[in-house]
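Scroll down for the structure; my scribbles are underneath it.
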Amino acid sequence: MRSSRQPDENGFYDLQKQDPSQMELRGRFFSDDEGRYFFRTIKPRGYKIPMDGPVGDMVRAQGRHGWRPAHIHFLVGAAGYREAITALYMADDEHIDSDTVFGANESLITEPKQGDPGSPFSALPSIHFNFRLAEAVGGQSDRVGADPSQIVKKTAEAH
Ligand SMILES: [Fe+2]
């Protein structure tokens, strides 16, 4: 696990609120000698995407609401494997079936539960989720999922 991030109680990420060098709303990470990893954080809340500009016009024209269900973003990597950028979504969010950006698919919906015997935080609700990484091909460990730098690079190479 390389990083995670999530919005605050008002639906804002740290980068939207303050100096980008100041990080918050991440998590505290732990690992053990069996290769398992854990992190402790707060349960996220859903948020509405910015509805000004052409994106807001498009969302309104399609009759959609602009809300994203509560989720936590992850960047997961390990030596010899491709990095994965993904998110886990909270099953109890009222917008879980109508994510305005269509990111909440069935395989990524989770529900915090009390009493997971494998959790080091047994007194707290927890999510047990196994991220599966694809092996790197040819020694490269490029990312699976959104990586804007690769989009720019490929666009530049196409011209
Ligand atoms: Fe998000």
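The values are calculated or read from the model by the stated rules, or taken from the named source; none is laboratory data. Just so we're clear, the structure is a prediction, and the values are computed from it rather than from any experiment. Cβ: placed from backbone, ideal geometry, glycine included. Neighbour counts: every protein chain shown. Accessible surface areas use protein heavy atoms only, side chains included; no ligands, DNA or RNA. Shrake-Rupley method; radii C 1.70, N 1.55, O 1.52, S 1.80 Å.
Identify, please: which residue in segment 95-144 is under 30 Å from ALA61 (Cβ atoms) and away from the ligand (no atom under 16 Å from the Cβ) and is, among those, most open to solvent (accessible area, probe 1.4 Å)?
Filtering first and then ranking leaves GLU106.
Name every residue in segment 89-117 that is touching a residue at least 40 places away in the same chain (Cβ under 8 Å) and in contact with a Ser or Thr (Cβ under 9 Å, 6 or more places away or on another chain), in order of residue number.
Result: MET90, PRO112.
Determine whether TYR81 is within 16 Å of the ligand (Cβ to nearest atom) and either under 30 Å from LEU133 (Cβ atoms) or not small (Gly, Ala, Ser) (or both). Reasoning before the result, please.
Values: within 16 Å of the ligand (Cβ to nearest atom): no; either under 30 Å from LEU133 (Cβ atoms) or not small (Gly, Ala, Ser) (or both): yes.
For TYR81, the condition - within 16 Å of the ligand (Cβ to nearest atom) and either under 30 Å from LEU133 (Cβ atoms) or not small (Gly, Ala, Ser) (or both) - is not met.
Would you mind finding the one in TYR89, TYR47, TYR13 that is within 16 Å of the ligand (Cβ to nearest atom) and at pLDDT 95 or above?
One residue alone meets the criteria, TYR89.
Given the criteria aromatic (Phe, Trp, Tyr), within 12 Å of the ligand (Cβ to nearest atom) and in contact (Cβ under 8 Å) with a residue 12 or more places away in the chain, does TYR37 qualify?
No.
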